[in-house]
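Data first, discussion second: the structure below is written as structure tokens.
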Amino acid sequence: MRLIVENLACRRSGRRIFSGLSFALAPGEALMVTGRNGAGKSSLLAMLAGRLKPDAGTIRGEDIGEASLPERLHVVGHRDGLKSALTAQENLDFARDLLGDAALSAPEALAELGLPHMARLPVGYLSAGQRRRVALARLLVCRRPLWLLDEPTAALDLASQEVLAAMMARHRAEGGLVVAATHQALGLEDARELRIGPPSAEQALDDRIEENWA
């Protein structure tokens, strides 16, 4: 699939966060979204996932068949999105059944992330790094071409970061796309960078004028 974003703008609580963002990703490409805290990195990923409506601009996927774009992507956000009372395997089995297009089994995915011995433990008993690895294992239990990752290395040790880098490399080699919001290098070979910064002085003035007339 291809991902095309044109002239995207974001406004939160009446304030323009960013505007005029455009990029396109072809199969196998990766984009690192960087910028200071509050620049809109997480908001951009939420828009790509269909969870937040853009203030302006368009987002579309090409060559995705009859499915909608949200049905063709995985999201790993700041929150791990795990049910603490369920075991690691139960969390992955639930995701696999819900999302469809099954790939690895839950035990296989956990083994890839170095957690085969944690399969039957409730995730509420796991450390932050272990919970993060269970969340990342969701990427492996279902086939989805677009991975949206928000600070994916948070709480990961160096060995786990290397496993994640290998996962992303394999996903890209199979034609998948990766969009990652990050403050640090992720081992993404040949990844492009989209830096989101504060609005220009001209844009800030336009926003103040608009707010005064609103």
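Read the figures in this text as sums done on the coordinates, not as results from a lab. Source: prediction; values computed, not measured. Quick reminder, even Gly has a Cβ in these numbers, built from the backbone with ideal geometry, and neighbours come from all protein chains shown.
The table below gives the values:
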quantity	calculated
For the chain, calculated [θ]222 nm from helices alone, where every DSSP H run of n ≥ 4 adds -39500 (n - 2.57)	-10000 deg cm²/dmol
Percentage relative contact order, segment 1-105, counting C-alpha pairs under 8 Å, at least six apart	27
Charge sum, other residues only, whose C-beta stays under 15 Å from V179's C-beta, Lys/Arg counted +1 and Asp/Glu -1	+4
Footprinting exposure proxy for C10, C142 (fewest neighbouring C-beta atoms within 10 Å first)	C142, C10
Likely footprinting exposure, D55, D97, D150, fewest C-beta neighbours within 10 Å first	D97, D55, D150
Simple label model, 7 Å out from Cα along Cβ direction - H117 to A173, nm	2.9
Considering only the chain, percent of DSSP beta bridges that pair antiparallel, nearest 5	45
Exposure proxy ranking, count of Cβ atoms within 10 Å, fewest first, for S127, S43	S127, S43
Contour excess over end-to-end distance, with Cα ends at E162 and A185 and 0.36 nm allotted per residue	7.1 nm
